[in-house]
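The values are calculated or read from the model by the stated rules, or taken from the named source; none is laboratory data. A quick note: this is a predicted structure, and the numbers were derived from the prediction, not measured. Positions of Cβ are backbone-derived with ideal geometry, glycine not excepted, and every protein chain shown enters the neighbour counts. Just so you know, the surface numbers come from the protein's heavy atoms only, side chains and all, with ligands and any DNA or RNA stripped out. Shrake-Rupley method; radii C 1.70, N 1.55, O 1.52, S 1.80 Å.
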Amino acid sequence: MDKSIDKAVADLGRNIGEYIREQRNSAKISLRELAKQAGVSNPYLSQIERGLRKPSAEILQQIAKGLRISAEVLYVEAGILQQREGGALADAIVAATDLSERQKQVLLDIYESFRRENAAKNKEE
């Protein structure tokens, strides 16, 4: 396999690990506590944070629940999903820790409907 591809995959793992560590530290959750909440071992979570392992989408979802953030945010950070259109507002909605997943989706749907409506008006003009 191409060494540049290997490096890119390793960098993705490192980036998601760094992001998870930052989120965990911001939430003031210990590694041990997050591992327990996510249903993974301490060593495995530590390896993810250090960029030695790249977690699956399922593990990212479990980690997101433990951090009380949107799994979508972790998927974007891990390169599994592309960043959603809508810029900073959509990102802020997705990252909001005080909203349920359902509330976030409703807000994003409303925002997207306004964007589509405005785009259609701009095309008519």
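General remarks:
- Between Glu124, Glu117, Glu112, Glu49, the distinction of being surrounded by 14 or more Cβ atoms within 10 Å (Cβ to Cβ), more than 22 Å from Lys28 (Cα to Cα) and acidic (Asp, Glu) belongs to Glu112 only.
- Residue check, Lys28 modelled with pLDDT of 90 or more and on the phi > 0 side of the Ramachandran plot: yes
- Screening Ile29 on (1) open to solvent by 50 Å² or more (accessible area, probe 1.4 Å); (2) in contact (Cβ under 8 Å) with a residue 24 or more places away in the chain; (3) not in a helix (DSSP H, G or I) shows it passes everything except condition (1).
- Residue that is farthest from Leu31 (Cα to Cα) [pool: residues in segment 66-109 that are loosely packed, with under 14 Cβ neighbours inside 10 Å and of a type in the set (A, V, I, L, M)]: Val106
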